Amino acid sequence: MEVVNKEHLQQLIDRFANKDVFIHLETTNGAYAAHFNEAVFNAGAFIRNVKLRYELGKVVSDKPHRVGLKLEHGWVYAQGITHYEVDELGRLLMAGLDYEGKLAVALQISEQPFAY
Amino acid sequence: MFTDERQVLVVFPHPDDEAFSCAGVIRQMTKRNIPVTYACLTLGEMGRNLGNPPFATRESLPEIRRKELQQAAEAMGIQDLRMMGLRDKTIEFEDDEKMVKLVADLIDELNPSLMITFLPGFSVHPDHEATARAVVEAVRRMPEETRPTILAVGFANDTVEKMGNPEVVVDISDVKMDKLAALQAHASQTAWMIAESEKREESADELSNNWLTSEAFYVIKH
Ligand SMILES: [Zn+2]
């Protein structure tokens, strides 16, 4: 993955618009967060391979970036996106890596379902 | 210790769980030609450490960790490594009976005299807890005289306070380098940690004290 190039990422997001796509969306501060620091309130969310279609996708220039997808009846968004790539299967993988290189958020878009 | 085991069955959810908790004991047993099977339920697909700059993506991490697991198994002398194909962070949401059956089927096939897993209630990660529950329940359902001994790893902050000191403490200094090799094999998970500890080791000797000289277990009583 490379550090986000906003214009390039915007083009890639546009490429998946108005198509049926599978989404992976994840936020996490790690299963051990409250073990290492009992003051941490541990929360996160994960969906994988939900099929949807967005009419408009936008990456905002603030760093780390926010990426939002407008659906016919709703929304998907992720904040904290720092890195991206199109992998060898043509999937758009976006991730927010914290200062230690740990994934804090992921938003991935694919025309084929992701593995299990 | 454990010189006359017939067959050992190790069940953990994540590649690297075994390296931290019992790689030394496993190596001591494989050195004595005791057959050890390691059933690793997931490939740690949801591991957070991707590096910055990143060395992996959410989608490429599982293959990296599969190879690390195979390399770690080699370092521990494990000849029977089973990757069970579940997904990281989802074990507790699987059907509980399916999980018990997964373990029971392994027990039926292998007839272990000793099992190693986590200690229910004191293993911090939801996958660890769900794995330990399935193992304990599968064994509890067996006729008493056929049950394997279960060695259980607990590391929650309140483990010693609530459970007392572990009943079994094994000196593993003779296989220290093999355990280090197993930890190093899981580089995607341990590289930064080992680097940190090596820095500290000059003064505190922390890595060797914590991981490389002894391993501690509770014995599960039914
Ligand atoms: Zn684990």
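The values are calculated or read from the model by the stated rules, or taken from the named source; none is laboratory data. None of the values given here were measured: they were computed from a predicted structure. Note that each Cβ is placed from the backbone with ideal geometry, even for glycine, and that neighbours are counted across all protein chains shown. Accessible surface areas use protein heavy atoms only, side chains included; no ligands, DNA or RNA. Shrake-Rupley method; radii C 1.70, N 1.55, O 1.52, S 1.80 Å.
Solvent-accessible area per residue in chain A equals 56 Å², computed with a 1.4 angstrom probe and all protein chains kept. Dividing the C-alpha radius of gyration of the stretch B:137-178 by 2.2 N^0.38 Å, with N its residue count, gives 1.61. Counting Cβ atoms of other protein chains within 10 Å of each residue's Cβ and taking the mean over peptide B:72-79 gives 0.
In this simple spin-label model, placing a label point 7 Å from the Cα along the Cα-to-Cβ direction at both residue A:11 and residue B:111 gives a separation of 6.5 nm.
Averaged over the residues of peptide A:29-35, the number of Cβ atoms from other protein chains lying within 10 Å of each residue's Cβ is 4. Converting phi to 3J(HN,Hα) with the Karplus coefficients 6.51, -1.76 and 1.60 and the offset θ = phi - 60°, the stretch B:20-33 yields 5, 8, 8, 4, x, 4, 4, 5, 4, 6, 5, 4, 8, 6 Hz in sequence order, with x at every glycine or proline. Counting only protein heavy atoms and using a 1.4 Å probe, the accessible area of residue B:149 comes to about 60 Å².
Rg over Rh for the protein assembly as shown works out to 1.01, both radii taken from alpha-carbon positions and Rh defined as the Kirkwood radius. Taking both sides together, the accessible area buried where B meets A is about 2200 Å² for a 1.4 Å probe.
Across the stretch A:21-81, the mean sequence separation of Cα contacts (distance under 8 Å, 6 or more residues apart), normalised by length, yields a relative contact order of 27 percent. Accessible area per residue for chain B, computed on protein heavy atoms with a 1.4 Å probe, is 43 Å². Counting Cα-Cα pairs of the stretch B:8-219 in 5 Å increments starting at 0 gives whole-percent bin shares of 1, 7, 15, 19, 21, 19, 11, 5, 2, 1, 0. Solvent exposure of residue A:66, expressed as accessible area, is near 90 Å², computed with a probe of 1.4 Å over the protein chains only. Mean sequence separation of contacting Cα pairs (under 8 Å, at least six apart), scaled by the length of the stretch B:8-219, corresponds to a relative contact order of 28 percent.
The mean count of C-beta atoms from other chains within 10 Å of the C-beta of residues in B:83-90, rounded to a whole number, is 2.
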